[in-house]
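A short reminder: the numbers here are calculations on the coordinates, not readings from a lab. Keep in mind that this is a model prediction, so the values were computed, not measured. A quick note on method: Cβ atoms are made from the backbone with ideal geometry, for glycine too, and the neighbour counts reach across all protein chains shown.
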Ligand code: PFF
């Protein structure tokens, strides 16, 4: 075995905040409200909660078991726990997934920086709805401007990763998660006090089950996996830095609760504000880049300084949330390269950053001037989104559940969950049952549905 010096999280709180930082991201503040809007509000949220707690948490626990019992990157973890077998390909698929997600996710993360910049320069003031559409399209298809923000975002991620596990990931997660939380609470306060906000609050709290069909279940399941960062070894890698006293079940529950709470709070920012100016909740992916700046302008007519602060805080919040997720994606690939190819951490991080800049630039261009950068009829950006979120993540999640539920020695699982018998885990049998039967079957259904087979 190689003798590479491994980092570790210095505290249990640091470990939980880092994992929560990975989970909380554009998926919560952008995708969750948009999916909630599309699938009818409160009923979707209830089903989503079921998916997070009944399926997502057991898989997160499985990832924690793999990571902490192996103390290795995601490829090394499978090689240690299942030597001489093909299970290592789950890890390698996870590394590839991390590269791909990091590349296209950083494009959107870069857009949030442009919007922070616009907000600082008071660029949204006085624009009408059409101007917001035109300016977003002009920006996102501009050949160079999104690239600058993309590179800046990846360099910020690189800087944190290069500082290491405790001084980089843990320090910044502890700093940024409370900032994020405070920003969200301030924005919720502003949003729910807007005139007419109560229709948005009702939309979030009053379930309308007449809209529930099988698509809603599948959409909620898919959102749960993306939002909790499951299925590609991200949480395994973080768990490999947990210390032996970390309570895995309790940590998973904390991460699940924080992630869900923030997603719901994001709903409380967006819907009351949208309803207050009469914008439909199912405006789709453009909700936060086109609709919201417009909402801020209209909602605070007569109070331009409030519109200024609200816009600035919102885009800062998005950028911070995205950053704590990009560092977790970067770490999956960095840990793999520096441990498996035995090179200094900083050099490994540089390789990951450079590769992601190249793929990210191609993704960004594929949305505008480089439309020809496409494969199978999809621009590179959409292709990477599709193969990661809709293929690799569900397959990875199901295989990890099968690995821990069926293959891994149950003594290892029990030792990890109880910290060598020190903790009582009443849910042990239920967790194993879900990992063996329910989770693989449920993911298979999402997977088949997303490919359009049923
Ligand atoms: N969970 C993140 C979000 O909700 O934005 C996205 C993500 C981060 C997915 C890290 C996967 C991952 F490994």
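Once you have a ≥ b ≥ c as the square roots of the Cα gyration tensor eigenvalues for region 177-249, tell me rounded if a/c is under 1.5, and otherwise prolate or oblate according to whether a/b is larger than b/c.
Verdict is oblate for region 177-249.
Roughly how tilted is helix 171-192, in degrees to the nearest 10 and between 0 and 90, from the longest Cα axis of the chain?
Compared with the principal axis, the helix lies near 40 degrees.
Can you give me the relative contact order of the chain as a percent, contacts being Cα pairs under 8 Å and 6 or more apart?
33
Using a/c under 1.5 as the rounded threshold, could you call region 272-326 rounded, prolate or oblate? The axes a ≥ b ≥ c are square roots of the C-alpha gyration tensor eigenvalues, and prolate needs a/b larger than b/c, oblate otherwise.
oblate
When N counts the residues of region 266-381, how does its alpha-carbon radius of gyration compare numerically with 2.2 N^0.38 Å, as a ratio?
Cα-based Rg divided by the globular estimate yields 1.47.
Work out Dmax and Rg for region 176-310 from the C-alpha atoms and quote the Rg first, both in angstrom.
In Å, with Rg to one decimal and Dmax whole: 17.9, 56.
What fraction, in whole percent, of alpha-carbon pairs in region 37-127 exceed 23 Å separation?
58
Let me make sure I get this right: for region 324-397, a, b and c are the square roots of the gyration tensor eigenvalues over alpha carbons, sorted descending. Under 1.5 in a/c it's rounded, otherwise prolate if a/b > b/c, else oblate. Which is it?
It is oblate, given that a/c is not under 1.5 and a/b is not larger than b/c.
Where the centroid of each part is defined by its Cα atoms, how far is region 157-230 from region 235-276 in Å?
8
Give the average over all directions of the projected area of the C-alpha convex hull of region 126-212, one decimal, in nm².
10.4
Angle check, please: helix 214-227 long axis (alpha carbons) against the longest principal axis of the chain (alpha carbons), in degrees 0 to 90, nearest 10.
With rounding to tens, the tilt is 70 degrees.
Can you give the FRET efficiency for residue 280 and residue 186, using 1/(1 + (r/R0)^6), R0 = 22 Å, r = Cβ-Cβ distance, to the nearest 0.05?
So the FRET efficiency works out to roughly 0.30.
Between region 71-148 and region 394-454, how many Å separate their Cα centres?
A separation of 28 Å, based on Cα centres.
Between 0 and 90 degrees, rounded to the nearest ten: what's the tilt of helix 57-70 against the longest Cα principal axis of the chain?
In the chain, helix 57-70 runs at an angle near 50 degrees to the longest axis.
For region 279-357, what does the relative contact order come out to in percent, with C-alpha contacts under 8 Å and a separation of six or more?
Worked out over region 279-357, it gives 15 percent.
Assuming 1.567 mPa s and 4 °C, estimate D for region 220-288 with Stokes-Einstein, Rh taken as the Kirkwood radius over Cα pairs, in µm²/s.
Stokes-Einstein gives a translational diffusion coefficient of 89 µm²/s.
What ranking do 238, 115 get, fewest neighbouring Cβ atoms within 10 angstrom at the top?
Ascending Cβ contact count within 10 Å gives the list 115, 238.
What's the exposure ranking of 345, 163, going from fewest to most Cβ atoms within 10 Å?
163, 345
So for region 28-74, what are the equivalent ellipsoid semi-axes in whole Å, largest first, each being the square root of 5 times an eigenvalue of the Cα gyration tensor?
Those come to 30, 13, 5 Å.
Quick check on the exposure proxy: order 137, 35, 339 from fewest to most C-beta atoms within 10 angstrom.
Ranked by crowding around the Cβ, least crowded first: 137, 339, 35.
Could you pull the Cα extents of the chain along its three principal axes, largest to smallest, in whole Å?
65, 48, 44
Could you sort 20-27, 244-251, 120-127, 417-424 so that the peptide with the highest average Cβ count within 10 Å comes first and the rest follow in order?
20-27, 244-251, 120-127, 417-424
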